[in-house]
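> To start, I am sharing the structure in question, which I have written as C-alpha cells.
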Amino acid sequence: MNRLRRLALWTGAVAIILAIGPWAWAMQKTIRSKVHNYEHAPVLIRRSGVTLIEAYFSPTQLPIPGGKVKQSRVRYANRKGITPSAFMLKGDLVCQNQFLQPVQALELTIVLLDAFHQPILLPGQSGPQIVQRVMMDIAPKQEQPIEWEQQVSDLDIFEVAVVVTRVRFADGSVWQAPTEELVDIF
Amino acid sequence: MPPLRQWFHVSFPRLLSDWLLRFYRRPLSFLLGLVFIPLLIVVVAAYQVNARLLREQSLHNLGITARLAAEIVDRTLQETWRLEQLLAQEGLADAIKTRRPEAMQRQLEALVQLMPTAVSAHMLDVSGRVLAAYPPALERASAAEEGWFREAREPAWHPSVSAVYLQDEADGAPRPKVVSVTCPLLGHDDVLGLLQVEYRVDDVKSWLQTVRVEPEGFLYVVDQQDQLVVYPYQVLPGTPKRVSSWPPVAQPVDRAGSTLVFKDRHQRAWLAAVQPVGRTRWRVIATQPADAAMRTVSHVFVWLGLMCVLLFGLIVLISLRWVRLHEFSLDLLRQNSKLLRQLQQHRISRRKDDGEGKR
C-alpha cells in the first residue's frame with residue numbers, strides 16, 4: 001500500500017511538473033537555417049543551426065549602463081509583466097577552411113527572412129543584413145564550430161540565411177565576397 | 001478448310017487451352033503472368049501517359065503565366081512612356097528650346113513628384129550632355145557613354161528601357177537596383193532631347209505580385225544583358241547578377257515564347273516558360289519544379305498503386321482458397337478413383353469366388 005501511495009505521489013509530481021513546464025520556462029524554437037557559400041570562398045559553412053530563445057532579465061540584478069545584464073530562462077510567475085522578455089537568435093555553425101593559409105577572423109552576414117522570403121529589417125539597421133565578426137583561428141583544411149548571437153525584436157522569423165562575406169588570413173590578406181547579388185534556388 | 005482458318009479454329013484454341021492448363025497447374029506463374037504483370041503494365045503505362053500529358057499542360061500553363069506577366073510589364077512600361085512623353089511635351093519642350101536649366105529642373109522635379117515610383121530624372125541633349133537633373137545631387141556632365149543612352153539612340157531615337165544597374169552613389173546610402181526608361185522629346189522635324197527617368201526595380205516586382213505560379217513556382221525577369229531584374233529569392237543585394245548560363249536564359253526565344261524542361265545543379269528537374277517583353281528585349285520566365293507540377297498525378301497514382309496492390313492481394317487470397325478447393329477436389333477424385341478401383345477389384349474377386357463356389 002505504501003509503495004502504491006509513493007508511486008501515486010511521484011506520478012502526480014511528474015504530471016504537475018510537465019503541466020506547468022510550458023508556463024514556467026521561456027519559449028525556445030528552432031528556426032530554419034540556410035547556408036549559402038559563394039563559389040571559390042576560402043571558408044565554407046558546412047552546417048548551421050539557429051534557435052530563437054526567449055530570455056528574462058534577472059530580477060535580482062539592477063541594470064547598470066554598460067554592464068552586461070544577466071538573463072534567465074525561468075519565467076517567474078510573481079514577476080509577470082514586470083521584467084520584459086528579450087529574444088535572442090543563437091546560431092551554431094561549422095566552418096571549414098578550404099585554403100592552405102590559417103584563418104584569423106571572418107565576417108558572417110546574416111539575413112532574417114519571413115515566411116514569404118522577404119527580408120526582415122531590425123530596428124536601427126540600415127539594411128536587412130546583420131554582420132557578425134568572429135575572431136577565431138581556423139587551421140588550413142580544418143573545421144571549426146562557431147557560435148553567434150543576435151538580439152531580435154521580430155518573432156516572425158521563418159528562415160535565417162548565413163553567408164561568409166569576408167575572411168582575414170594569418171598573413172594579413174583579406175578575401176571579400178563578390179559584389180554581385182547572391183540568389184537562392186538555382 | 002483453308003490452313004489459316006484451320007489454325008485459328010482448331011490449333012490455336014488447342015494451344016491456348018494447353019498453355020492455360022500448364023499455367024493452371026502453377027498458381028504462382030498463373031497469378032504473375034495473368035494478373036500482376038498485366039496490372040503493372042497498365043498502371044505504369046497509364047502513369048507515363050498521364051505524366052506526359054500533365055507535363056505538357058503544366059508547360060502550357062507556365063507559358064500562359066509568362067505571357068500574362070510579360071504583358072503586364074509591357075503595358076506598364078508603355079503607360080510609363082506615354083506619361084513621360086505627355087509630361088515632357090507639356091513643359092519641358094519649351095524649356096529646352098529656350099535653354100532654361102532652372103525651368104527644366106522645376107519640370108523634372110514636378111515629374112518625379114508626379115510619378116511616385118520614379119527615383120530621379122535627367123534631361124539630356126542629343127549629344128548626351130546633361131541639361132538638367134533632379135535630384136541635383138545626381139547631376140553629371142555627360143551620359144553619352146551610358147548604356148541606356150546608346151540604347152535610346154540606336155538605331156534611331158526611340159523610347160527604350162535600359163538594362164538594370166545600381167543607382168549612382170548618394171550620401172553613402174545603399175544603392176538600389178534601377179532601370180532607365182528613356183523617351184525622346186520630338187520637335188517639329190527633329191529630336192529636341194532625351195528624357196531619362198530612373199525607376200527602382202522593386203516596382204517591377206510589385207507589378208508582378210498578382211501573378212502566381214502554384215505550387216512552388218515563381219516568376220523572374222531578366223534584361224537584355226541577361227541580368228536579373230526581378231528575382232524573388234535574393235539573399236544578399238549587390239550588382240545585378242548575370243545569369244546567361246541558366247538554361248531558360250540561354251535558350252533562344254522568339255516572339256511567341258518557348259518552353260523547356262531542365263535540371264539545376266542539384267539535378268532537380270524544372271519546367272520553364274520564357275516570354276519576351278514587347279520590344280524591350282527583357283524576358284519573363286515562369287518556372288516550377290517538375291515534381292511539384294506532377295504532384296497531383298503522383299498522388300493519384302500512389303493511391304492507384306495501393307489499390308492495385310490491395311486488389312492483387314485479394315486475388316491472391318481468393319486464388320489460394322481456389323487452389324485449396326482445387327486440391328480438395330483432386331483429392332476427392334483420387335479417393336473416388338481409388339474406391340472405384342477397390343470396388344472393381346472387390347467385384348472381380350467376388351465373381352471369382354462365386355465361380356469357384358459353383359464349380
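Read the figures in this text as sums done on the coordinates, not as results from a lab. Note that the structure is a prediction, hence the values are computed from the model and not measured. Reconstructed Cβ throughout: ideal geometry from the backbone, glycine too, with neighbour counts over all protein chains shown.
> Can you put B:164, B:222 in order, fewest other beta carbons within 10 Å first?
Least to most surrounded, the residues fall as B:164, B:222.
> Per the helix-only calculation at 222 nm, which mean residue ellipticity applies to the protein assembly as shown, given -39500 (n - 2.57) for every DSSP H run of n ≥ 4 and division by its residues, nearest 500 deg cm²/dmol?
That calculation yields -12500 deg cm²/dmol at 222 nm.
> If you line up the long axis of helix B:295-358 against the longest principal axis of chain B, both from Cα atoms, how many degrees apart are they, to the nearest 10?
With rounding to tens, the tilt is 10 degrees.
> Once phi is turned into ³J(HN,Hα) by the Karplus curve 6.51 cos²θ - 1.76 cosθ + 1.60 with θ = phi - 60°, what whole-Hz value does each residue of segment B:257-274 show in order, with x for glycine and proline?
Taking θ as phi minus 60°, the curve returns x, 8, 10, 7, 10, 9, 10, 7, 6, 8, 6, 8, 7, 10, 9, 8, 10, 10 Hz for segment B:257-274.
> Measuring from label point to label point, each 7 Å out along Cα→Cβ, what is the residue B:307 to residue B:225 span in nm?
Each label point is offset 7 Å from its Cα along the Cβ direction, giving 5.7 nm.
> Applying the Karplus parametrisation 6.51 cos²θ - 1.76 cosθ + 1.60 with θ = phi - 60° to the phi angles of segment B:192-204, what ³J(HN,Hα) value in whole Hz is obtained for each residue in order, glycine and proline being reported as x?
Each residue of segment B:192-204 in turn: 7, x, 10, 9, 10, 10, 9, 10, 5, 6, 4, 5, 4 Hz.
> Can I ask one more? Pairs A:34/B:205; B:205/B:263; B:97/B:177: which are spaced more than 30 Å apart, C-alpha to C-alpha?
B:97/B:177
> Based on other C-beta atoms within 10 Å, arrange B:117, A:109, A:11 from fewest to most.
The most exposed by this proxy come first: A:11, B:117, A:109.
> So what's the gap between the Cα centers of segment B:1-17 and segment B:285-350, to the nearest angstrom?
So the separation of the two Cα centres works out to 30 Å.
> Compute the angle between helix B:101-114 and the longest alpha-carbon principal axis of chain B, please, reported from 0 to 90 degrees and rounded to the nearest 10.
30
> Sticking with this structure for a sec: Determine ³J(HN,Hα), in whole Hz, for all residues of segment B:56-61 in sequence, where each value follows from phi through the Karplus function 6.51 cos²θ - 1.76 cosθ + 1.60 and θ = phi - 60°; x replaces Gly and Pro.
Each residue of segment B:56-61 in turn: 4, 5, 5, 5, 5, 4 Hz.
> Oh, and also: Could you work out, residue by residue across B:236-246, how many beta carbons of other chains sit within 10 Å of that residue's beta carbon, and then give the average as an integer?
Other-chain Cβ atoms within 10 Å of each residue's Cβ, averaged: 5.
> Along the Cα→Cβ direction, 7 angstrom out, place labels at residue A:88 and residue B:17. What is the inter-label distance in nm?
A separation of 8.8 nm, rounded to one decimal place.
> Just rank B:329, B:120, fewest to most, by other beta-carbon atoms within 10 angstrom.
By the 10 Å Cβ count, ascending, the order reads B:329, B:120.
> Find the centroid of the Cα atoms in segment B:223-239 and in segment B:245-267, then give the distance between the two in whole Å.
17
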